[in-house]
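Working notes for the structure below.
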Amino acid sequence: MDLGDVARLQRGKALRVPPSGKESWRPVPAADADHHWAQSSLVDKAIVLGFKSKYLRAEIPNAYVAEYVNRFPQKLVGFAGIDPTERSAIDELRVARATLRLRGITLSPANQDFHPTDSRAMRLYEEAEKLGMPILIHPMGQFSEQSKLEFARPYLFDEVARSFPKLRLVIAQLGHPWVDETICLLGKHNNVYADVSGLLGRPWQAYNALVSAHQSQVIDKLLFGSDFPYTVVPDCIEALYSINQFSQGTNLPVVPRESLRGVVERDALGLLGIS
């Protein structure tokens, strides 16, 4: 499975969103629908992420995501970008599920300016749990200097997982740079998962994260993700299967190959309750 996002971009152009009057987002490589679809040929299913942030004045519209994934329903699954700080958040969530046929939600507290247990967000979690919509949480705040790292810590979702035990949560990029916090959540809560998107482009960090997940016996809760358009599926799979190169000729621990294969081949949609 591939966790990726797609924006309304021209091939070869870069996306920059100036939340404070200057260009402070990192450039985005080509991410148009045709390019994404070509990359999707390498996976069985791909999740396409929408995004919305009133705080950063940034949006990948849910209607655009829905139009794209509904062209290829046999392969693509859409997640709605919902901003809990907006009064219309619950209504938008219901429309995303009932009308746009999107199956999950994308949140980023650091980039949407809310504490994970903000009462507005808690109401959104409650509705998502009722609708059976998993939530992908992007913890990183480095996209913009305006992002708030204090809201990005994975452990802040412990209360959320306790309050809504049936709600499936996926912490993107294994919560980097707070990987240990994410691993604790994976072991503590049945319905908390993580993906490896973004990490595989940083092999040493990925090696340490995967070793820690294996030793903590939670590697079976890791889902594959390519972090498209920053990295592509073949490179990520190669990096994943090559992760033990750091241990060759040393006493460093290794991650069993069958565990690595499990990350790639896992039925992520089944785990997330998406038929």
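For region 39-160, the solvent-accessible area works out to 41 Å² per residue, with a probe of 1.4 Å and every protein chain left in place.
Rg then Dmax, both in Å and based on the Cα atoms of region 65-177: 13.8, 39.
Highest average first, the peptides 78-86, 66-74, 245-253, 162-170 ordered by how many other beta carbon atoms sit within 10 Å of their residues are 78-86, 162-170, 66-74, 245-253. Once the Cα atoms are used to define both axes, helix 179-188 deviates from the longest principal axis of the chain by about 90 degrees. Between I60 and F51, K52, the built amide H atoms are under 5 Å apart, and every one of these is 5 or more places off in sequence or on another chain. Between the helical axis of 203-215 and the longest alpha-carbon principal axis of the chain there is an angle of about 80 degrees.
Region 49-100: Rg/Rh from Cα coordinates, Kirkwood Rh? Ratio of gyration radius to Kirkwood radius: 0.99. For the listed peptides 109-119, 228-238, a ranking on the average number of other beta carbons within 10 Å per residue, highest first, reads 109-119, 228-238. Determine the shape class of region 144-209: with a ≥ b ≥ c the square roots of the Cα gyration tensor eigenvalues, call it rounded for a/c under 1.5, and otherwise prolate if a/b is greater than b/c, oblate otherwise. Note, shape of region 144-209 comes out oblate.
Helical runs (DSSP H, four residues minimum) scored at -39500 (n - 2.57) apiece and divided by the length of the chain put the mean residue ellipticity at 222 nm at -9500 deg cm²/dmol. Temperature 25 °C, viscosity 0.890 mPa s: under these conditions the Stokes-Einstein estimate for region 101-249, based on its Kirkwood radius over C-alpha pairs, is 156 µm² per second. Our coupling estimate for region 237-244, obtained by passing each phi through the Karplus curve with A = 6.51, B = -1.76, C = 1.60 and θ = phi - 60°, is 5, 4, 5, 5, 6, 9, 5, 7 Hz, Gly and Pro reported as x. The base-10 log of I(q)/I(0) for region 200-255, evaluated at q = 0.14, 0.26, 0.28 Å⁻¹, reads -0.38, -1.11, -1.20 [Debye formula, identical scatterers on Cα atoms, solvent excluded]. Across the alpha-carbon set of the chain, the Rg to Rh ratio works out to 0.94, Rh being the Kirkwood radius.
Helix 119-131 and the longest principal axis of the C-alpha atoms of the chain enclose an angle of approximately 80°. Carbon-plus-sulfur accessible fraction, the chain (probe radius 1.4 Å, protein heavy atoms only): 48%.
The residues of region 181-252 expose on average 42 square angstrom of accessible surface per residue, using a 1.4 Å probe on protein heavy atoms.
Rounded to whole numbers, the Karplus 3J(HN,Hα) couplings from phi for region 77-86 are 10, x, 10, 7, x, 10, 9, x, 7, 8 Hz, using 6.51 cos²θ - 1.76 cosθ + 1.60 with θ = phi - 60°, and x at Gly and Pro. When Rg and the Kirkwood Rh are both derived from Cα coordinates, the Rg/Rh ratio for region 170-275 amounts to 0.94. Summary value for the chain: 16 percent relative contact order, contacts being C-alpha pairs under 8 angstrom separated by 6+ residues.
The values are calculated or read from the model by the stated rules, or taken from the named source; none is laboratory data. Values in this document were obtained by computation on a predicted structure and should not be read as measured data. Note: ideal-geometry Cβ built from the backbone for every residue, glycine included; neighbour counts use all protein chains shown. Only protein heavy atoms, including side chains, enter the accessible area calculation; ligands, DNA and RNA are left aside. Shrake-Rupley method; radii C 1.70, N 1.55, O 1.52, S 1.80 Å.
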